[in-house]
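Only one structure is covered here, and it is reproduced in the block below.
The values are calculated or read from the model by the stated rules, or taken from the named source; none is laboratory data. All figures in this text were calculated on a predicted structure; none of them were measured in a lab. A quick note on method: Cβ atoms are made from the backbone with ideal geometry, for glycine too, and the neighbour counts reach across all protein chains shown. These accessible areas exclude ligands, DNA and RNA; they are computed on the full protein's heavy atoms, side chains included. Shrake-Rupley method; radii C 1.70, N 1.55, O 1.52, S 1.80 Å.
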There are 2 protein chains.
Amino acid sequence: MLNLPDMNDLNSAGLQARLRHLIDHKTKPLGSLGQLEALALQLGLVLQTETPHLDQPQMVVFAGDHGLVAQGVSAYPSDVTWQMVENFLAGGAAVSVIARQNGLALTVVDAGVARELAPRAGLQLRKIAMGTMDASQGPAMTADQCQAALTAGAEVVRGLPGNAVLLGEMGIGNTSSAALLMARLTGLPIEQCVGRGTGLDDAGMQRKLSVLSQVMSRYAQVVDPLAVLAAMGGFEIAMMTGAVLEAAAQNRVIVVDGFITSSAVLVAQALQPLVLQRCVFAHQSDESGHARMLAHLQARPLLNLGLRLGEGSGAALAWPLLESSCRILTEMASFESAGVSTAGA
Amino acid sequence: MLNLPDMNDLNSAGLQARLRHLIDHKTKPLGSLGQLEALALQLGLVLQTETPHLDQPQMVVFAGDHGLVAQGVSAYPSDVTWQMVENFLAGGAAVSVIARQNGLALTVVDAGVARELAPRAGLQLRKIAMGTMDASQGPAMTADQCQAALTAGAEVVRGLPGNAVLLGEMGIGNTSSAALLMARLTGLPIEQCVGRGTGLDDAGMQRKLSVLSQVMSRYAQVVDPLAVLAAMGGFEIAMMTGAVLEAAAQNRVIVVDGFITSSAVLVAQALQPLVLQRCVFAHQSDESGHARMLAHLQARPLLNLGLRLGEGSGAALAWPLLESSCRILTEMASFESAGVSTAGA
């Protein structure tokens, strides 16, 4: 049984009003920085200050394999999961490159990769099992495994410094898990949740939809969020759910990547809706279900660049916009301090 | 008479194919970096290399005043133009803050501010006049002034180092000029080009539309791009037009900010369509005409954050995405180099 962390409602009228006042008196027409103003307000609330500074941001990529891949739901073989973990650590993957560019510390977590990985700097070995079981044959994980993954995700966050975490993932087959979680937790039909993942063709897409429809039927009676997570999730998704809950409880800024990372947030907010106050949605993925998932979460993503890579690459790309939002609060002059006339003056 | 600079067509089949091949073999599903892949391809073509590096990027903000403001087309008084120039140089404006964050050298150009500005580092004094004339009474500038502004814009670019320029502007009243240029050069009705600028209310918006409609009628026979620019433009817009032509001729990457900067590109591409190959459109502004202007230019902007500030702030915000695109080409591993299996393997 999960002990949900305590979490406070950040929308205290006082700080919110002070932040709004500060933003509105910066040297710019009212509202002219658009979504960055809403982001500056949110970051001030999460960090509980009128002068937010993002400190030691941590990019964390959770990796795990999926038994369901045996049913042919992915264009790539499961081996790509460990191969990409090696690539993350060697610095050659998209998320490695963009994290380096933007000053993000990168940690890769083996949540359940189907291969033993050699220990090294930047890699946390927290393998629950050598991949999940095949969800079309039985639950992807046991309740104990699910609990262990949630706990491990929380521990990862507790062990990292700073006040912001960016979450990403790697796991061949995990758009299937994310689509299943989405369908069950939002109530949308599975057809509206499933997408081409890494690039299925039409025939592959039909197969994926057929497999996922069977899985949905199999667990038609399962509705409790944690039971849904165990039945249809992945170890990397469960660890991200634990990470979101812990980071939110600590009032860290949580930068959410794409479709799969958002599905972990979907589970977390079903358990504790206040986590959403701490989440910044980095981008709208090209994976077809993501726009609907974001709408369900009432989330307004920062970027919409047709990305569908995962890894946390979209979160890393959006990071400079969070920095900019803080600096609007901390570095921009006010009309008064700069001696600039106001509208109608 | 303007001497248009020579410009080559960048779409040489050889380099384009080599860049496409490189991008397609990076460790990611085909096309999964979306718009960043198109941007990487473009940057490779502009800089004529498979390993593009952005060098010493220059943020240049052109400032000028507008005689048409006498007709009540802006929510802010003309004094805000020089006051904001002071704010740019003091480091307190949005563009100052974001340029500093993203490592962009900032130059402010007095193209025609209605006040004498004290010389100092970071400010280029290239004033054509103390603001344009009132375009509702006669052409905003003479043909000679227009020519001088184009030349000055080109000189500014020639005097700056690096292989990328980011263009921005400041000028109370200049959404009016941009809307007028747009209406005449695209053929769209002025109603579809005009917007609230810095924040006009409904009554102000009606007045602006009425004034701009009169100006359109007054110059109904003026269709030559340079004559249009002289009749309805601003000194800062004309200088940006010259800067775009020169930067394009030098194969520098040109990062275009919002509505007003795009209007300068609109004039430049009417003179030389190949400039568009060198232009990266940073964002879609909330100023209502900008989406239509971008559509006319067949431009796909990187960001859509509801910004309507100008200054070059959107260009500065988008800058890290250009850096990321270059690094995708220069730093990401290939499937082969990283030993990652490909689709269907």
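Scanning the stretch A:181-197 for residues that are open to solvent by 10 Å² or more (accessible area, probe 1.4 Å) and either aliphatic (A, V, I, L, M) or in a strand (DSSP E or B) (or both) gives A:L185, A:L188, A:I190.
The rows are residues; the columns are (1) open to solvent by 60 Å² or more (accessible area, probe 1.4 Å); (2) in contact (Cβ under 8 Å) with a residue 12 or more places away in the chain; (3) touching a helix residue (DSSP H, G or I) at 6+ places or on another chain (Cβ under 8 Å).
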site: B:S96; (1), (2), (3): no, no, yes
site: B:A99; (1), (2), (3): no, yes, yes
site: B:L104; (1), (2), (3): no, yes, yes
site: B:T107; (1), (2), (3): no, yes, yes
site: B:L117; (1), (2), (3): no, yes, yes
site: B:R120; (1), (2), (3): yes, yes, yes
site: B:Q124; (1), (2), (3): no, yes, yes
site: B:D134; (1), (2), (3): no, yes, yes
site: B:M141; (1), (2), (3): no, yes, yes
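Right, A:L200: crowded, with 20+ Cβ neighbours inside 10 Å, assigned to a loop (DSSP other than H, G, I, E, B) and of a type outside the set (D, E) or not? Answer is yes for this residue. Sub-7 Å Cβ pairs linking a first residue in the stretch B:74-85 that is within 12 Å of A:T342 (Cβ to Cβ) to a second residue that is in a helix (DSSP H, G or I) and at pLDDT 95 or above, at least 6 apart or interchain, are B:A75/B:G204, ordered by first then second residue. Remark: B:A178 matches the filter, which requires a residue to be open to solvent by less than 10 Å² (accessible area, probe 1.4 Å) and among the small types (G, A, S).
Against the numbered list (1) assigned to a loop (DSSP other than H, G, I, E, B); (2) in contact with a strand residue (DSSP E or B) (Cβ under 8 Å, 6 or more places away or on another chain), A:G168 comes up short only at (1).
Can you confirm whether the stretch B:313-322 contains a residue that is assigned to a loop (DSSP other than H, G, I, E, B) and in contact (Cβ under 8 Å) with a residue 12 or more places away in the chain? No, there is no match, as no residue in the stretch B:313-322 is assigned to a loop (DSSP other than H, G, I, E, B) and in contact (Cβ under 8 Å) with a residue 12 or more places away in the chain.
For B:A299, the stated conditions do not hold, so it cannot be described as within 24 Å of A:A316 (Cα to Cα) and touching a Phe, Trp or Tyr at 6+ places or on another chain (Cβ under 9 Å). Quick one: how many residues across the stretch A:96-126 are more than 10 Å from chain B (Cβ to nearest Cβ), among the hydrophobic types (A, V, I, L, M, F, W, C) and either part of a strand (DSSP E or B) or within 30 Å of A:M205 (Cβ to Cβ) (or both)? Residues in the stretch A:96-126 being more than 10 Å from chain B (Cβ to nearest Cβ), among the hydrophobic types (A, V, I, L, M, F, W, C) and either part of a strand (DSSP E or B) or within 30 Å of A:M205 (Cβ to Cβ) (or both): 9 in total. Evaluate the following for A:L303: is it within 11 Å of chain B (Cβ to nearest Cβ), of a type outside the set (S, T, Y) and open to solvent by less than 10 Å² (accessible area, probe 1.4 Å)? Judged against the criteria, A:L303 is a match.
The set of residues in the stretch B:323-345 that are more than 7 Å from chain A (Cβ to nearest Cβ) and outside any helix (DSSP H, G or I) comprises B:S334, B:T342.
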